[in-house]
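S.K.: Pasting a structure here, questions to come.
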DNA sequence: TATGAATGAGTGTTCATTCAT
DNA sequence: GATGAATGAACACTCATTCAT
């Protein structure tokens, strides 16, 4: 959420319009995908004229890009904030998983976009645009890896390749979240949360 | 690979054309994505005329759909074959992971398509088309779940929700494969294989 | 230059704004052409807001039209003034050519616009708008024709169709000026002046 | 007119379509100007679908460019052919003027385009495109200059700067042609022809 | 049957013009 | 009055799909 303090009314209005447009774009890109969403759709959803979008974003791609950057930024910030707010290494590890689930529970529409982008990497946009985003993503991956690595150092978890483990952490949750969203069975995400944490921490081996 | 025995030459020719077109589509969809690949691209790659595609597939979507069905079928068949060829329940569990890695190592281009489809679910295509494929996918998920469930029954692994575990199995491997493909570092996939198997079987808990 | 005497301050301010806008339009239309110049460009160049233009001109076309009228008026006035300030019929003829060169030397940017308009006639604007301007242009052509006709009457030049001659006078100078502007070789226009005068008066026939 | 001999039927068909499209473009660009003519207009005029144009020309600009190149080529070829078909230097000079009038009498619509392009030079198109055309134009100017220069050498006309004279030749005729086209008074162009030739050769000086 | 030229609906983008402040 | 943000009509261009050959 962008700072609004200390801005003139004009600037705040501009901010608000940008937010409106980003929200509409998030909704529709999430719902129908990038290619099946037209600029007119977005403008209509946000209750603006088509041309208005172009006052805030140069191209459709740029709007998409801005959306991703914004939300991934929010995501990364949210997870890291949570992790840093707990003390013990093992709780940090648990929080990595919990916070992700919590964030996407609140931003389900965005989850579709996130997944598509994280997995297909570059089929939607041109290479150049992706660079900044890839940097954000890798920075986060590194944060996750470091958290895991710290936990190993502290003797809280077993020693394995932390980068690979970070990637695996990323992966396990995704299809579980996907399913959960699809079925909307609405048992709270807690069940999934404890399932994953239990699985990863204890493994499948019988004692 | 489709049956060719007992077909007239005409029918065999038709089969061959279909294969050619599917192969070209696989290559290009994998390379540039669905929306950035034109029908002409595909026809050209396969060395046919544009119109020819429409003798074998009604629409672009149908070609995509056919491709998915075919390859996912191959995938499912491959994994299930492997799993069934080993005897012990715990080896079956290991083989679930091994076979997946092995298959996609040989079909890297298709992995991109597979991932996109598994994650975005229905943004590429219209709902109706997806039904058959979803059935295939769920059938496979069930097979995985059953294999895992059998292993639990046999006391080879700990008891957890087998469906959820199946979903988790699916998920962990994907981003690891993705990274492996992207970096083309070409240490054999064995490393990833043992990493995943070790992680899931033993978990992270210290003894 | 429009009269400013006897106007209230408000009226003088309005006049000034109009002038500013016309000047900006002249610069940009001359530089980039009518279609490649946006209303925002003009407003920005003149340091006004976009909407302000519409307080002074109903449409883009009207601004263009006003610009043409104004400058062609200046041009015609300038040439006619010069011609009337000399006495002998043959000098008047020479002055027709000299004055044109002199005017456009000082208004090179406008020359581009003038040329485009004189040659393409009505492709830039709708017919109706052109009427007033065509009248101005023809009025000037008549003035030129009369001046030439007078010179014939006075026995200063040979008798030929004066209207056609007026048109020819108009024509010869244009591409020479065009070249001169393009090459910016900046030998003074005198050379061109004497070339044209010599050519038209003496012709190419050997004595 | 392009060669059609030795081409397959397919190639001849393609040629014909190109011609159709160029003809439609010529008509409409001449009538309404480049910017007021839409691709759909052109397609409709030529009785094709909009997309068809893009099979033959990459962009609107390219169509315009192709049209100019083609017709200016025709023009240059026509004039030079005529000039070379007469023997005496003074007749060559006369033919320069005659042939131009004759050509544009048959291609009146194109004359509008020609004029606009020759005078405004680069406001319609991007620089790069213009290069080839500028070369064509200057090559022709040089031909004219050489013809005039030859006539001077041969003692057929007085000695003046041949390049400048070539430019003047170009210029005088244009507005006369313009007037003639506008008034459609349809006295044959001969009158204009003899007027110009008489003017330029004999000049205005009384004997 | 196979082709690839023709099509035209659909979309991103621009910009003259309006109007609330 | 002056502004400049908002608008939406208009247009170039693409590409899945058709169909005459």
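S.K.: Identify which of A:99, A:139, A:166 has the largest mean-square fluctuation in a Gaussian network model of chain A, with springs joining Cα atoms closer than 10 Å.
M.R.: Comparing A:99, A:139, A:166 in a Gaussian network model of chain A, the most mobile one is A:139.
S.K.: Smallest Cβ-to-axis distance in chain D, for the rotation taking D to B: which residue, how many Å?
M.R.: With distances in whole Å, chain D gives D:51, 4.
S.K.: Quick check: the angle from helix B:60-85's long axis to the longest principal axis of chain B, C-alpha only, nearest 10 degrees?
M.R.: So the helix axis and the longest Cα principal axis differ by about 40 degrees.
S.K.: How many angstrom separate the Cα center of the range D:10-57 from the Cα center of the range A:19-51?
M.R.: With the range D:10-57 and the range A:19-51 each reduced to a Cα centre, they are spaced 36 Å.
S.K.: For a quick check, take a GNM of chain C with Cα springs below 10 Å and name the residue from C:182, C:59, C:106 with the largest mean-square fluctuation.
M.R.: Its mean-square fluctuation being the largest, the pick is C:182.
S.K.: Along Cα-to-Cβ, 7 Å out, sits the label point; list in nm, shortest first, how far the one on residue C:146 is from those in the other copies.
M.R.: Nearest to farthest, the other copies are at 4.8, 8.8, 10.6 nm.
S.K.: What nm distances, shortest first, do you get from the label point of residue C:135 to those in the other copies when the point sits 7 angstrom along Cα to Cβ?
M.R.: Nearest first, the other copies' label points are 5.0, 6.5, 8.1 nm away.
S.K.: Would you mind listing the distances between the residue B:69 label point and the same position in each other copy? Use 7 Å along Cα-to-C-beta, nm, one decimal, shortest first.
M.R.: Copy-to-copy label distances for residue B:69: 4.3, 4.9, 7.1 nm.
S.K.: So, one more: Would you mind checking the tilt of helix A:9-32 against the longest principal axis of the Cα atoms of chain A, expressed as 0 to 90 degrees and rounded to 10?
M.R.: Result, in degrees: 70.
S.K.: Okay, next question. Label points 7 Å out from Cα along the Cβ direction at residue D:188 and residue D:19: separation in nm?
M.R.: Going by the 7 Å Cα→Cβ label model, 2.9 nm.
S.K.: Right, next: Taking each residue in C:149-158, count the Cβ atoms of any other chain within 10 Å of its Cβ, then average. What number comes out?
M.R.: Mean shielding count: 2.
S.K.: Ratio of the range D:1-57's C-alpha Rg to 2.2 N^0.38 Å, to two decimals?
M.R.: 1.20
S.K.: Within 10 Å of each residue's Cβ, count the other Cβ atoms and sort D:28, B:55, C:63 from fewest upward.
M.R.: B:55, D:28, C:63
S.K.: Let me ask something additional. For every helix of n ≥ 4 consecutive DSSP H residues, a contribution of -39,500 (n - 2.57) applies; sum these over chain B, divide by its total residues, and give [θ] at 222 nm rounded to the nearest 500 deg cm²/dmol.
M.R.: -25500 deg cm²/dmol, from helical runs alone.
S.K.: Using only Cα atoms and rounding to the nearest 10 degrees, what angle (0 to 90) does helix A:89-106 make with the longest principal axis of chain A?
M.R.: Compared with the principal axis, the helix lies near 30 degrees.
S.K.: Hey, another quick one. Sorted from largest down, give the three principal axis spans of the alpha carbons of the protein assembly as shown, whole angstrom values.
M.R.: Principal extents (largest minus smallest coordinate, Cα): 126, 80, 41 Å.
S.K.: Moving on to the next point. Report the normalised scattering of the range C:15-170 as log10 I(q)/I(0) at q = 0.20 Å⁻¹, calculated by the Debye formula with identical scatterers on the alpha carbons.
M.R.: Results for the range C:15-170 at q = 0.20 Å⁻¹ read -1.21.
Laboratory data are not the source of any read-out in this text; all were calculated from the coordinates shown. Being a predicted model, the structure only gives us computed values, none of them experimental. Backbone-built Cβ (ideal geometry, glycine too); neighbour counts: all protein chains shown.
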